Amino acid sequence: MDRKQIIPKELRYTRNQFDNEFPTDDACLEQIKEQRFPGGVTVCQKCEAPRKHHRVTGRTAYACAKCGNHIFPLAGTIFEKSTTSLRVWFQAMYLMGSTRCGISAKQIQRETGVTYKTAWRMFHQIRKLMSEDIRLGGSGSGVEMDEMYHGGRRKRESGRMLLADRGKRVTVSGIVERKGRIVARISKELTVAATNALVKEYVLPETVIFTDDASGYRALPRVEGMGYQHKRINHSQKVYVLGDVHTNTIEGFWSLVKRGIGGVYHSVSAKYLQSYLDEYSFRYNRRDSGNLIFPAMLRRVSELASSQPLQ
């Protein structure tokens, strides 16, 4: 039996590598500083000119080499004002990024020694890094669009959701590029107006859109000025593939989400469901990155904090 590592060397990031790179809180802070202010050089707000900044002993601050004005690399990040060790934050991010179907806050509690309340809060802060605004498709390329329902209990095994179930279940709409990225968003309901608004926000003009025969998708070709092509597969007649017309890609993602939530988290409330969808989407969009999800999450820390004030 072939037991060789299947992940290419350049896409590997092991626990040993993590421990060697981030052995202490200071090493973690230095990484955030280098991402935001390479070499410690940034515009000093007091000098109003680019200056070299040096670490202030015992603090998470760096001081201007000329005037001593401080900058704070953690300002505007999810780590700001947290009393939890920065290395524990990094550990949680590494564990979250190295799994394919999610990891529970209870497991992070066991791995890091923090309380469950702290682990739970850290996870919800980390998921904020995974929220992305992207646009899919483009001229001649294809995307699939479909919906899933979360929560409640079905009154029948097959077919669409009954009217009596709608108050108990959350509708989630997804759009995915074939062999590409995905966007998944909570929708109040599957209506023509809701689906058209979602498509206009996330799908580029002149894209081919593949859907099933749900009534909410019937007006997509008429979205003004966008030039979409719309192809439908008749699921109600048990037809699932017809040439290149199918929604198998998005349904595969729904399967991943449902198995992950059911097997790892067991239950997710409607209030926090979007953050879990962001987590699964973030990993899915980087599924060809091997074990480099954690470095991608670290980069998001600096990207999201870049517009925040330094002090």
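Read-outs: derived from the displayed coordinates by stated rules, not from any lab. As the structure is a computational prediction, the values presented were derived from the model and not from experiment. Positions of Cβ are generated from backbone atoms using ideal geometry, with glycine treated the same way; all protein chains shown enter the neighbour counts.
Only one of (1) 30, 25, 18; (2) 48, 24, 17; (3) 41, 23, 19 was calculated from the structure for semi-axes √(5λ) of the Cα gyration tensor in Å, and its label is (3).
Each Lys or Arg adds one and each Asp or Glu subtracts one; over the other residues with Cβ under 11 Å from the Cβ of residue 148, this totals -1. Among 199-211, 29-41, sorting by the average number of other beta carbon atoms lying within 10 angstrom of each residue, highest first, gives 199-211, 29-41. Applying a DSSP loop filter and a limit of 16 other Cβ atoms within 10 Å to the trypsin sites (Lys or Arg not before Pro) in region 50-152 leaves 59, 66, 81, 100, 135.
Taking N as the residue count of region 142-280, its C-alpha radius of gyration divided by 2.2 N^0.38 Å amounts to 1.03. Straight Cα distances below 14 angstrom link residue 179 to the aspartates and glutamates 144, 244, 251, 288, with same-chain residues fewer than 8 positions distant left out.
Count Lys and Arg as plus one, Asp and Glu as minus one, and take only other residues whose Cβ is under 13 Å from that of residue 211; the net charge is then -3.
For the residues 281, 269, 289, a GNM of the chain with alpha-carbon springs under 10 Å puts the largest fluctuation on 269.
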